Amino acid sequence: MAMEVTQILLNAQAVDGAVRKHAEDNLKQFQEQNLPSFLISLAGELANDEKPVESRRLAGLILKNALDSKEQHKKIEFVQRWLAIDPTFKAQIKALLLRTLSSPSHDARSTASQVIAKVAGIELPHKQWPELIVSLLSNVHQLPAPTRQATLETLGYICEEVSPDVVDQDHVNKILTAVVQGMNSTEQNNDVRLAAIQALYNALGFAQANFSNDMERDYIMRIVCEATLSPEIKIRRAAFECLVAISSTYYEKLAQYIQDIFTITAKAVKEDEEPVALQAIEFWSSICDEEIDILEEYGGEFSGDSEIPCYYFIKQALPFLVPMLLETLLKQEEDQDQDEGAWNIAMAGGTCLGLVARTVGDDIVPLVMPFIQENISKPDWRQREAATYAFGSILEGPSPEKLVPLVNMALSFMLNALANDPNNHVKDTTAWTLGRMFEFLHGSALDTPIINQGNCQQIIAVLLQSMKDVPNVAEKACGALYFLAQGFEDAGSASSPLTPFFQEIVQSLLTVTHREDTGESRLRTAAYEALNEVVRCSNDDTAPMVAQLVSVIMRELHQTLESQNVSSDDRQNELQGLLCGCLQVIIQKLGSSEPTKLHLMQYADQIMSLFLRVFASRSATAHEEAMLAIGALAYATGPEFVKYMQEFYRYLEMGLQNFEDYQVCAITVGVVGDVCRALEEKILPFCDGIMTQLLRDLSSNQLHRSVKPPIFSCFGDIALAIGENFEKYLQFAMPMLQSAAELCAHTNGADDDMTEYTNTLRNGILEAYSGIFQGFKGSPKTQLLMPYAQHVLQFLDSLYMEKDMDDVVTKAAIGVLGDLADTLGSPAGSLIQQSVSSKEFLKECLSSDDHLIKESADWAKVTITRAISY
Amino acid sequence: MAPHDLRRPFKRPLISDQERRRQHSLLRQAQNRLDAQRHARFLASTTFSLSSSQNLEPQPEPEHEQEEPHQKEELDVLEASNLKGDEARKWFAKQLMHPEWMIDIPENLTNDWFVFARPSGKRCFVVSSNGTTISRLRNGSILHRFPSKLPNGARTKEVSSSSSHSYSILDCIFHEDQTYYVIDMVCWRGYSLYDCTSEFRFFWVNSKLAETGACDPPSYYHKYTFSLVPVYSCDQSGLCSAYSAPVSYVKDGLLFYNKHAHYQAGITPLALVWKDENCSQYVMDTDNKGQVPNQQQVVLELQEDGKLATCDDPPMAFGCLDGSFIQQSDLHSGYLLRFAIGEGGLVLADGKLEKADLKYLGKANRARASADSFSKVMFQYNVRHSPLRIDDLLGSVSSPVDQESETCDIEMDG
């Protein structure tokens, strides 16, 4: 049933658009008319060594794309479609694919191995194609090298594609055996060896059992370490990649190898080519990541709660590791700071040094200080930069007691360097280091301030001056100012040392945003970020100046909207996003106190009309920022926001329909909540439309799952705003809540991410119930909720029994219990009395240490007592 | 299987400012939702009329007495918190809940009522907000302005932005030991408790006040301390305890609160005060020299039609002055007048006053804000003739064994 498709496939790549279009239409038609025949034809094309490379390549690509998609809903559809095809046709396709692995064409082999993995990704979880692994393994031993390579690649792709639990241990053992044999130094063919190492990388997740077996683990580790010494650079790099993956997957199994690994990584860092050296450094960064996580879980003391103990590899390696890393700092590239994509050994080494400091704390300081003192004043810029970078790197981790005296000594030196060092690279790093000082050692939480009336003026003067420097230096100066302002956030009113310089700072930042030479750098973004932080941390004294900023930023936004027709580009959209973001921060700041809110309100109409115009642009980021800012404005405006609703509504609806940029959708859902709280019952005329959209969102399988919990919470917001008018939505909303509640009542030992998501979902559902019950309180229509009481109580009971709620969910759950009793009263008394929640759960919450939980529980107790006793 | 990208963030914060803005918004929304929820849970309706509880029934009298500015008629407690100066004084002057005097024993005292020993001293509202605490006497004037550990009652570093404007209002008695004894809670952290039962309010004040540290011993910065009053269920043992158990303050009678009653500005029959010599130094009214006069004295308000009325709502008439006497003595409607009760006494039929033997003494002291209430006059009259005794009260309550256990659900032992 295969058809001749070569010519169509070639035409589909023709230069002539008309020819191409025609061929594409043909392919589409063929696929729609007879999918199995279409797929067999493609597989046949791919397998046929007499066909042109181009048609074979496209055949493979179309085949692959017919099996998988990045879009979740399409992927599910493709899986179902494949499973529904007659097995005899599928057998033909699979046979053709396996045969292609022996093709003399490298291109065809490589494509086939990817397609095989896709088919395996569908079939193995359904216990189909059981002979696949065995038939692949039979390839590995005798056949010519290219086929062995393709087969190993296929095994690697399969491991990447399927989850470990669908491959039985016997097959895992065989795969690993084949792979490790392929890696062995006795394998003469480098391509085969490389494919084997890359396959191991993907297969590591399958090797739990093997890594628990001493002999097998020793063997695997020995082979990997040997491969790091291969004369072939690609093999060495792939071998180090495996070590990095092992360091995070099997951290707890590394103790007996760590010494050897240090030796080989140190050698690679010193002598090997950069791609290999970078992986070697990454190994230690990855170990730091692991130990930081474990130590964080310890909470500072050894509790034994953590599943994995800390082996303190970094602490033990410290005397050797730190000098090795310091040496890398001297290998900077010229102009690395102007290159966004740069990543080199000095950057990797410095990053690793920072991670080491966070892992070991104080211990790193005496090992780094001599290097800094030795190099900080050297004529060679590389030495000065390296010393500064080292200092900046260790500012997070060690205790303030250790660092504050050093920072006090270094501060004026650094300020001088930022102002006067002849080298841009040094200035860049110096500004960054100042930012780190302010970030970690400046703020109300610290006993001894590093910034005082005496040096504050100088610091600001130097930073503002540096904002006129080359873009990369100016960007770091903005970053330093950001943290300088942040540290004064809690300074309390009137006492911020920034107050006298406020106007000057704001002016300088605005000047930076207008610089013509920002090019592709982040300078403009950094300037707005600093401005936002300065506004956030401002106090009553500077409120009038923040108020003046409203019209300034509005004017800027207006200008971008006017000029849009001339040149509509990404930079313009980015700028609109930044301006909306800045306005959002200002609105939130001014809205938080009565007198400044009044000032803000006189601009509300103009601000709103600007935001609405931003929606005309095509940029998701700008939409998102405008939406967030509107939420803040609605909150500040209150019921009067209703006057904007007629116009705003269609953008609200647009946002709720934006499945593709799900962040925009999620933010819009949150803004619906803001608007509900602002308008209260005045939202009613818009509720039909909003509810329809929200219900549609919930039933869609295209929408990212993270948006669903906020949608449930939003039901609660709406119900609370419109009260008993929510009646007409009950018949739709309640069944959705019920089925979602059933799904998330149990976590069933899911992974952490899933448990976290489940708790978010639970919280959303509970917030919906709270809002609905409270919305109906005191209404003659409360009895409409009676039929749902049983289910809600069961949901609460099952949550309690499950014992895996986090604090937020516990608080929401006990609150719902109170809301139910409060609204339904004595008619629900006996139902409530029958629930476990009203007894044990309530009791536990009453004695909770969390005062929010206790408060909700106290309240629930009163409403329950009332419901039961009258 | 291309090599994996190793790059880590370099000289960059891990979280972009946009992400921070997003997180800030989510936090703000979560906080607002929480506020809305709490608002719904505690504050079903805080709007109540300022005028209805104390003023007379609204009568169309347009020709005299310029009307109060109308917009102040309905203020909820949240708005009232923003009032300043004189407006605040006027508002607070009308907000205290005042008990009637107990002239007969309510039914079901045992199950439906709480009892506690009233501390002697100055009745006042204590309001904490915006980093300061203010106490206001019955007439709304300020007694003290001081820092306290009540929520937002003092300037501290850790005032969280979301709640710094929230305020709390306590109903207190300022005692001679420089302690504010809290007898009721009207508002807590911005949430009104007006529409909550006293059962709930007492429960709340018990669980919340101690958490703030306001009950800690006085210190350099916090020179006034707060204290809870032990509140009992009004059964035999509760009543005995309230009556005779030693307390840290000087008692001035017993207060009875109906468990199901909301907080209500003005005089309410759902709170009652009772006194005898054992539990109060001020059973019988004294004149302005501090002496108990031979004859009971009452203060009544002269009405337009010459009637002499109590301050109750609706007012109760005790008699009538004829027009010529009013003219002679240069009296006007609205005046508060002092009378003595003569030999003829008060004659009641079915609980209603039939006749009162009143002797005009003169105008009342200027400090008086209002006439006496009917219950006060009657209580004072009874004290002189046939007082309600503690044994009568004890006789009307059952011992705890008789009761269903559920009324003990909430224990109020301070």
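I'd like to check something: does segment A:566-577 contain any residue that is within 11 Å of chain B (Cβ to nearest Cβ) and among the polar types (S, T, N, Q)? Within segment A:566-577, none of the residues are within 11 Å of chain B (Cβ to nearest Cβ) and among the polar types (S, T, N, Q). From the list A:Glu624, A:Glu653, A:Glu640, the one residue that fits, being of a type in the set (Asp, Glu), closer than 25 Å to A:Ser551 by Cα and more than 13 Å from chain B (Cβ to nearest Cβ), is A:Glu640. The set of residues in segment A:503-516 that are away from chain B (no Cβ under 14 Å) and either surrounded by fewer than 21 Cβ atoms within 10 Å (Cβ to Cβ) or closer than 18 Å to A:Gln559 by Cα (or both) comprises A:Gln503, A:Glu504, A:Gln507, A:Leu510, A:Thr511, A:Val512, A:His514, A:Arg515, A:Glu516. Filtering segment A:787-808 to residues that are surrounded by fewer than 21 Cβ atoms within 10 Å (Cβ to Cβ), part of a helix (DSSP H, G or I) and within 33 Å of the chain's Cα centre (by Cα) leaves A:Ser798, A:Met801, A:Glu802, A:Asp807, A:Val808. Between A:Ile460, A:Ile505, the distinction of being among the hydrophobic types (A, V, I, L, M, F, W, C), modelled with pLDDT of 95 or more and over 27 Å from A:Glu385 (Cα atoms) belongs to A:Ile505 only. Scanning segment A:415-429 for residues that are surrounded by fewer than 23 Cβ atoms within 10 Å (Cβ to Cβ) and over 33 Å from the mean Cα position of the chain (by Cα) returns A:Leu415, A:Asn416, A:Ala419, A:Asn420, A:Asp421, A:Pro422, A:Asn423. Restricting attention to segment B:192-218, and to residues there that are among the hydroxyl-bearing types (Ser, Thr, Tyr) and surrounded by fewer than 20 Cβ atoms within 10 Å (Cβ to Cβ), which single residue is farthest from the other protein chains (Cβ to nearest Cβ)? Residue satisfying both the conditions and the ranking: B:Thr212. Of the residues making up segment A:831-838, one or more are more than 9 Å from chain B (Cβ to nearest Cβ), over 18 Å from A:Ser770 (Cβ atoms) and more than 40 Å from the chain's Cα centre (by Cα). Report, ordered by the first and then the second residue, all pairs with beta carbons closer than 9 Å, sequence separation of six or more or different chains, a first member in segment A:840-860 that is within 9 Å of another protein chain (Cβ to nearest Cβ), and a second member that is among the hydrophobic types (A, V, I, L, M, F, W, C) and surrounded by fewer than 23 Cβ atoms within 10 Å (Cβ to Cβ). Here the result reads A:Leu852/A:Val808; A:Leu852/B:Leu34; A:Lys854/A:Leu846; A:Asp858/A:Leu846; A:Asp858/B:Trp204; A:Trp859/B:Phe42; A:Trp859/B:Trp204, each pair linking segment A:840-860 to a residue that is among the hydrophobic types (A, V, I, L, M, F, W, C) and surrounded by fewer than 23 Cβ atoms within 10 Å (Cβ to Cβ). The single condition among (1) within 29 Å of the chain's Cα centre (by Cα); (2) more than 18 Å from A:Lys427 (Cα to Cα); (3) crowded, with 17+ Cβ neighbours inside 10 Å that A:Gly519 does not meet is (3).
Of the numbered criteria (1) at pLDDT 90 or above; (2) touching an Asp or Glu at 6+ places or on another chain (Cβ under 9 Å); (3) more than 20 Å from A:Cys687 (Cα to Cα); (4) of a type in the set (Ser, Thr, Tyr), the one A:Ser593 fails is (1). When the criteria are applied in full, B:Tyr257 meets the requirement of being crowded, with 16+ Cβ neighbours inside 10 Å and either under 20 Å from the mean Cα position of the chain (by Cα) or farther than 22 Å from B:Pro119 by Cβ (or both). Residues that are surrounded by fewer than 18 Cβ atoms within 10 Å (Cβ to Cβ), more than 13 Å from every other protein chain (Cβ to nearest Cβ) and either closer than 26 Å to A:Thr755 by Cβ or not β-branched (Val, Ile, Thr) (or both) within segment A:683-723 comprise A:Leu684, A:Pro685, A:Asp688, A:Gly689, A:Leu695, A:Arg696, A:Ser699, A:Ser700, A:Asn701, A:Gln702, A:His704, A:Arg705, listed in sequence order. Those strands (runs of 3 or more DSSP E) of segment B:240-331 in which at least 2 residues are small (Gly, Ala, Ser), considering only elements entirely within it, cover B:266-274, B:317-320.
Just one of (1) of a type outside the set (Asp, Glu); (2) touching a Phe, Trp or Tyr at 6+ places or on another chain (Cβ under 8 Å); (3) free of Cβ contacts under 8 Å to residues at least 24 places away in the same chain fails for A:Ala461. It is (2). Please verify whether A:Gln731 is surrounded by fewer than 18 Cβ atoms within 10 Å (Cβ to Cβ) and more than 26 Å from the chain's Cα centre (by Cα), treating the condition exactly as stated. Against the criterion (surrounded by fewer than 18 Cβ atoms within 10 Å (Cβ to Cβ) and more than 26 Å from the chain's Cα centre (by Cα)), A:Gln731 qualifies. Consider segment A:736-784. How many of its residues are in a loop (DSSP other than H, G, I, E, B) and crowded, with 17+ Cβ neighbours inside 10 Å? Adding up the residues that qualify gives 3. The residues of segment A:430-459 that are surrounded by fewer than 20 Cβ atoms within 10 Å (Cβ to Cβ) and in a helix (DSSP H, G or I), listed by number, are A:Glu439, A:Phe440, A:Gln453, A:Gly454, A:Asn455, A:Cys456, A:Gln457, A:Gln458. Would you mind stating whether A:Gln373 is modelled with pLDDT of 95 or more, surrounded by fewer than 17 Cβ atoms within 10 Å (Cβ to Cβ) and polar (S, T, N, Q)? Taking the combined requirement at face value, the residue satisfies it.
Could you please let me know if A:Glu216 is closer than 27 Å to B:Leu6 by Cα and of a type outside the set (A, V, I, L, M)? Considered against the rule, which asks whether it is closer than 27 Å to B:Leu6 by Cα and of a type outside the set (A, V, I, L, M), A:Glu216 comes out as no.
Residue pairs whose Cβ atoms lie under 7 Å apart, sitting 6 or more positions apart in sequence or on different chains, and linking a residue in segment A:5-20 that is more than 21 Å from A:Pro36 (Cβ to Cβ) to a partner that is assigned to a loop (DSSP other than H, G, I, E, B), are A:Leu10/A:Pro52; A:Arg20/A:Ala12; A:Arg20/A:Ala14. Does segment B:335-351 contain at least one residue that is outside any helix (DSSP H, G or I), of a type in the set (Ser, Thr, Tyr) and surrounded by fewer than 15 Cβ atoms within 10 Å (Cβ to Cβ)? Checked segment B:335-351: no residue is outside any helix (DSSP H, G or I), of a type in the set (Ser, Thr, Tyr) and surrounded by fewer than 15 Cβ atoms within 10 Å (Cβ to Cβ). A count restricted to segment B:17-40 and to residues that are at pLDDT 75 or above and at the interface with chain A (Cβ under 8 Å from one of its Cβ atoms) stands at 13. Of all positions in segment B:267-278, none carries a residue that is buried (at least 22 other Cβ atoms within 10 Å of the Cβ) and under 19 Å from B:Leu143 (Cβ atoms). The condition of being modelled with pLDDT under 75, in contact with a Phe, Trp or Tyr (Cβ under 9 Å, 6 or more places away or on another chain) and more than 8 Å from chain A (Cβ to nearest Cβ) holds for only one of B:Glu67, B:Glu57, B:Glu74, B:Glu63, that being B:Glu74. Any chance segment A:378-388 includes a residue that's farther than 30 Å from A:Asp293 by Cβ and of a type in the set (Ser, Thr, Tyr)? Scanning segment A:378-388, I find no residue that is farther than 30 Å from A:Asp293 by Cβ and of a type in the set (Ser, Thr, Tyr), so the answer is no. Test A:Leu194 against the criterion of being surrounded by 24 or more Cβ atoms within 10 Å (Cβ to Cβ), more than 18 Å from A:Ser247 (Cα to Cα) and not β-branched (Val, Ile, Thr), and give yes or no. Yes; evaluated as a whole, the condition is true for this residue.
Evaluated against (1) under 30 Å from A:Lys174 (Cα atoms); (2) surrounded by 15 or more Cβ atoms within 10 Å (Cβ to Cβ); (3) of a type in the set (S, T, N, Q), A:Ser285 falls short on exactly one condition, (1).
The values are calculated or read from the model by the stated rules, or taken from the named source; none is laboratory data. Note that this is a predicted model, so its numbers are computed, not measured. With ideal geometry, Cβ positions are generated from the backbone for all residues, glycine too; neighbour counts draw on all protein chains shown.
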